[in-house]
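Input: a single structure, listed below in structure tokens.
The values are calculated or read from the model by the stated rules, or taken from the named source; none is laboratory data. This is a predicted model, so every value here is computed, not measured. Cβ atoms come from the backbone with ideal geometry, glycine included; neighbour counts cover every protein chain shown. When the accessible area is computed, the model is the full protein with side chains, heavy atoms only, and any ligands, DNA or RNA have been set aside. Shrake-Rupley method; radii C 1.70, N 1.55, O 1.52, S 1.80 Å.
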Amino acid sequence: MRYKLPFLRRACLAFLVLLFFAVPAGFRTADAAKKAEKVGDQTCLTCHEDVGKSFAHSVHAQKTTTKGYTCEACHGPGSVHAESMDPADIYNPATDYNPVAPNPCLTCHNGPQFTSATASAHHELADGCSDCHQVHSTEPKLLKKQGSELCVDCHKDIGAKFSLTSHHPVKEGLMSCTSCHAVHGGDNKFTHTDNSRELCISCHTDKAGPFVFEHEPVNEDCGICHDPHGTVANNLLKQTEPFLCMSCHPVHFHTGIAGYIGDFKNPLHPERGGKSTLDGFKSGMLTKCTQCHTQIHGSDLPSESISSRGRSLTR
Amino acid sequence: MRSKQSIAVAVAALVASLVLLGTGAFAQQPATTWQVWVGSHYSGLQDYRDKVAEFDWATNSPEFAAKLSHTFGKNVLDVSGLYYDPKRMALNASAGLGGWLKADVSYRSFYRRLQNDLMENLVVREAKDRIGSAPGGKMITHDNPTPAATFGYTRREINTKLEARIPGLKMLKLRLEHRSILEDGNEQRLAAMHCSSCHVEAIDMKVDRKTHDVAAGADLDVGPVSISYTARIRQFRDDAPIYEMKYDTAQHPINGKFVEEFSSRELFSGQVAPINSPLQVDQLSHVFKAKAHLGAGEVVASAVTSNAKNKVKSLNLKTNAANVRLTYPLLRKVKVVAQGSYDRIKNDPVFIDLPPWRAGRPGGGQNFDWWRYSSLTRTDMEASAQVLYVHSRAVRFSLLGGVGRIIRDDYPYQGAKGKTTTMKLRPELRLRPVQGLTARLRYSVEVTDNPFAPYNYFFERSGHSLTPLPGNTLVYYFQRRQLRYGNITSLPTLEHAVDVKLTYRQSSSVKLTAGVKASIGTNKDNKELSFKHRTLQPQFGLTLSPNSHWSVFLDYSLILEDQNGLLSVPMMDG
């Protein structure tokens with residue numbers, strides 16, 4: 001596969017030139033804040049009484065260390081705004097968010113869970129932290145909506161997958177998006193671990209191994225066979241068996257054998273038998289590979305036949 | 001027994017946190033909110049219960065929920081719980097004492113329904129002709145002694161988290177975490193024997209899996225530098241008993257003769273052998289993290305070293321990983337985010353010692369011993385850089401470029417030369433032309449050289465070119481490996497994706513979103529067989545919140561996916 005590096009180089013160069021000649025626009029609010037002075041909470045509440053009422057019960061109000069100037073701890077000095085009453089004359093985290101500038105919320109919220117927040121895609125969202133958090137509210141964690149409802153508000157495509165037949169129990173309320181995803185920025189793709197396999201086996205420990213007999217895609221990435229959010233096929237499989245298996249493996253060679261039409265009994269095991277059909281081997285070999293290859297995630301036991309070298313994952 | 005102990009630990013921790021709160025110095029104006037909910041779910045799943053209701057109730061009775069939130073000065077207490085029945089309940093409690101102590105305890109249990117495979121597709125006897133008129137030798141049969149049984153297990157998860165600061169050492173935070181996952185119930189295990197004829201037995205197997213995870217660590221802030229260390233021990237035990245099955249004597253399926261011939265091709269014949277091997281894994285890991293401010297920028301780095309040991313087989317899986325991320329405002333309006341990661345995994349090789357194939361038989365005695373080199377053993381590297389340009393409040397642009405490479409030391413697939421390389425590019429534009437209206441346009445392209453592929457190739461040539469092994473008169477099944485070719489994969493080598501989204505917030509009470517996602521993946525390595533994977537996802541959402549008491553949501557999303565993948569077809573016998 002040849003990469004079109006010359007094109008990429010040209011694109012990067014054009015982008016840098018664009019940056020160089022970019023018209024500086026600045027942030028008016030930041031300039032306004034520089035000139036302003038603090039006026040204190042009472043002045044703010046003169047007009048914003050309704051906000052003050054709900055905010056009084058919020059965690060921020062309870063935990064503040066800037067008594068008397070609580071509003072301005074986040075919004076910055078408000079004297080210019082108090083005089084002009086122009087919303088543009090005061091910093092509003094919900095509308096004036098600038099992902100390039102230091103995030104005012106992270107001044108206090110600088111714990112380990114936020115270590116990668118400034119590099120995360122969520123950090124670039126339209127309104128930053130305010131996209132998910134309502135600072136003046138009294139809801140737990142000041143979230144606009146609780147649980148997965150908040151995430152699905154933007155990630156509707158993922159929300160839809162949880163309605164498919166096979167899904168992690170998120171819509172049942174038994175898990176939440178944050179069970180897997182570190183919403184403030186994770187080690188990899190917003191997950192709690194640095195690779196997807198490690199994330200899955202932190203709960204599905206029985207699939208982790210290491211096993212003597214391996215199934216290679218299990219070691220590579222669980223996402224090769226599974227879609228964690230939801231699928232039509234059982235067990236979160238991206239396709240139904242046997243088609244998923246046949247994406248890599250040839251069809252079992254017994255598939256092409258013609259079946260006898262009629263009832264039969266096994267001569268050596270008379271308790272075994274049943275109704276045989278012409279297509280019996282096809283339905284036997286092309287329905288569900290894991291009926292025989294049960295240990296699809298790996299096993300420490302060799303399979304029965306020597307010629308398969310023990311790696312058929314049947315026990 | 002351990003389950004009860006763990007529940008007791010969780011309850012004790014909760015009580016401890018409540019007692020601690022009771023003795024704390026609260027502020028003057030406490031605020032308490034509470035909510036009690038009594039209701040019931042109805043699930044009408046009678047006909048499809050086992051298929052659809054994997055986690056859903058499918059039975060109906062009252063359920064109760066309650067929530068309490070209390071703030072008092074700098075102290076916080078949140079308690080919530082749900083009770084449906086002993087198998088399905090949840091309890092969460094978190095408490096914060098000023099900035100000195102924080103405790104979180106949660107308990108959650110649910111029931112997961114598992115399938116009972118009736119195996120009705122596994123009944124056939126070979127025909128001597130192609131029209132099915134005369135019975136032949138090969139057979140498939142099954143035995144499910146409990147066709148009406150229901151299988152499933154209860155999953156209980158307990159999480160405890162404690163964070164403490166020491167008075168006088170505000171820069172130091174100590175952490176202690178515990179997590180237990182306990183799964184118990186029954187599952188259907190299928191066990192197959194395929195000599196003298198293929199027969200599958202269903203066995204009611206006990207599920208008894210326990211995972212215990214304990215982590216302790218400390219965070220230290222020294223000026224612009226923060227350092228964190230966590231040691232974690234994870235223990236997994238499958239305490240299910242060992243189940244055994246009598247494997248048929250290997251023989252001719254009709255006349256019972258040729259026992260020596262057939263048995264010489266099997267590991268065991270006419271013997272009782274275990275069908276499961278309960279796993280026991282211990283894992284110890286050390287995680288180091290550091291964050292430092294570099295002027296207006298920030299660098300975050302982490303390193304992990306871990307060793308997971310399969311105690312039953314004495315297999316070690318060692319991982320060493322590191323990643324670093326730099327965030328820096330390059331110009332007043334430009335921020336750069338660069339990151340790189342390195343992941344090295346080494347799994348012990350295992351020598352598989354097998355008896356010779358057809359030992360003592362004419363033309364037999366071939367050695368099938370082999371070294372199992374693990375596909376886990378690999379080096380995974382990734383680097384990316386993103387430039388974010390904020391022109392004004394109305395216009396933002398970002399460009400992400402990255403490259404990743406996986407080097408597989410022992411992967412026995414020659415065509416990929418042991419390496420997979422991925423390059424990606426993702427420009428994104430955000431516009432806010434007027435107050436309340438936000439538009440986002442994201443495009444991404446990903447090019448992969450040698451995606452993951454099956455190690456033993458994809459297709460088979462005609463078997464006519466095969467000749468029997470010396471001293472044999474037949475071509476055997478395992479010889480097909482010589483015919484396999486096709487170093488291709490059903491994963492895409494080129495993938496384009498577009499994501500367009502419009503959000504209109506008319507006021508705090510009305511929000512409207514509309515968008516569409518589309519992607520197409522193709523495999524250019526495979527010119528003769530068409531491979532495409534397409535998705536199209538239109539979406540629409542409306543939120544109405546007329547006042548603080550009411551919110552109405554209307555969401556619609558449709559996923560259209562189609563894939564014409566590869567199907568690997570045998571040429572020898574089919």
Exception for B:Ser398 within (1) at the interface with chain A (Cβ under 7 Å from one of its Cβ atoms); (2) outside any strand (DSSP E or B) falls at (2)
Answer yes if at least one residue in region B:258-272 is under 20 Å from B:Tyr153 (Cβ atoms) and of a type in the set (Phe, Trp, Tyr), and no otherwise. no
task = Would you mind stating whether A:Arg309 is open to solvent by less than 30 Å² (accessible area, probe 1.4 Å) and in a loop (DSSP other than H, G, I, E, B)?
result = no
The condition from (1) at the interface with chain A (Cβ under 8 Å from one of its Cβ atoms); (2) open to solvent by 50 Å² or more (accessible area, probe 1.4 Å); (3) of a type outside the set (Lys, Arg) that B:Leu317 misses is numbered (2)
Of the residues in region A:239-260, those that are of a type outside the set (Ser, Thr, Tyr) and either surrounded by fewer than 19 Cβ atoms within 10 Å (Cβ to Cβ) or not assigned by TED's automatic domain parsing to the domain that holds A:Val218 (or both) come to A:Gln239, A:Phe243, A:His249, A:Phe253, A:Gly256
**Q.** Flag if A:His293 is in a loop (DSSP other than H, G, I, E, B), touching a helix residue (DSSP H, G or I) at 6+ places or on another chain (Cβ under 7 Å) and either under 30 Å from B:Val312 (Cα atoms) or not assigned by TED's automatic domain parsing to the domain that holds A:His215 (or both)
**A.** no
Taking region A:255-285 and keeping residues at the interface with chain B (Cβ under 7 Å from one of its Cβ atoms) and not in a loop (DSSP other than H, G, I, E, B) leaves A:Thr255, A:Gly256, A:Gly259, A:Phe264, A:Gly273, A:Gly274, A:Lys275, A:Ser276, A:Gly280, A:Phe281, A:Ser283, A:Gly284
Considering region B:320-355, residues that are assigned to a loop (DSSP other than H, G, I, E, B) and at the interface with chain A (Cβ under 8 Å from one of its Cβ atoms), and then whichever is farthest from B:Glu382 (Cα to Cα), we arrive at B:Pro355
For B:Lys138, the lone unmet condition from (1) charged (D, E, K, R); (2) modelled with pLDDT of 95 or more; (3) farther than 30 Å from B:Ser302 by Cβ is (2)
Exercise for the section: State whether one or more residues within region B:269-287 are more than 17 Å from A:Ser299 (Cβ to Cβ), touching a Pro at 6+ places or on another chain (Cβ under 9 Å), at the interface with another protein chain (Cβ under 9 Å from one of its Cβ atoms) and crowded, with 17+ Cβ neighbours inside 10 Å. Expected result: no
For region B:434-483 the number of residues that are part of a loop (DSSP other than H, G, I, E, B) and over 30 Å from B:Gly365 (Cα atoms) is 7
Considering region B:541-560, residues that are within 9 Å of chain A (Cβ to nearest Cβ) and modelled with pLDDT of 70 or more, and then whichever is most open to solvent (accessible area, probe 1.4 Å), we arrive at B:Tyr556
Subset of region A:286-305, residues at the interface with chain B (Cβ under 7 Å from one of its Cβ atoms) and either open to solvent by less than 40 Å² (accessible area, probe 1.4 Å) or of a type in the set (A, V, I, L, M) (or both), comes to A:Gln291, A:Cys292, A:Thr294, A:Ser299, A:Asp300, A:Leu301, A:Pro302, A:Glu304, A:Ser305
>> Within region A:203-213, does at least one residue satisfy the condition of being more than 9 Å from every other protein chain (Cβ to nearest Cβ), surrounded by fewer than 20 Cβ atoms within 10 Å (Cβ to Cβ) and at pLDDT 90 or above?
In response: yes
Counting only strands (runs of 3 or more DSSP E) entirely within region B:186-264, those with at least 1 residues that are more than 10 Å from every other protein chain (Cβ to nearest Cβ) and under 30 Å from B:Ala164 (Cβ atoms) are B:198-222, B:225-238
For region B:265-277, the count of residues that are in a loop (DSSP other than H, G, I, E, B) and aliphatic (A, V, I, L, M) equals 2
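Take the residues in region B:460-481 that are open to solvent by 30 Å² or more (accessible area, probe 1.4 Å) and either under 30 Å from B:Thr421 (Cβ atoms) or of a type in the set (Gly, Ala, Ser) (or both); name whichever of them is nearest to the other protein chains (Cβ to nearest Cβ).
B:Arg481
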Taking region A:146-160 and keeping only residues that are within 25 Å of B:Ser40 (Cα to Cα), open to solvent by 30 Å² or more (accessible area, probe 1.4 Å) and facing another protein chain (nearest Cβ under 9 Å), one is left with A:Glu149, A:Val152
Turns out the helices (runs of 4 or more DSSP H) fully within region A:1-113 with at least 2 residues that are at pLDDT 60 or above and out of contact with any Leu (no Cβ under 6 Å at 6 or more places or on another chain) are A:5-20, A:41-47, A:49-55, A:59-63, A:70-75, A:79-84, A:105-108
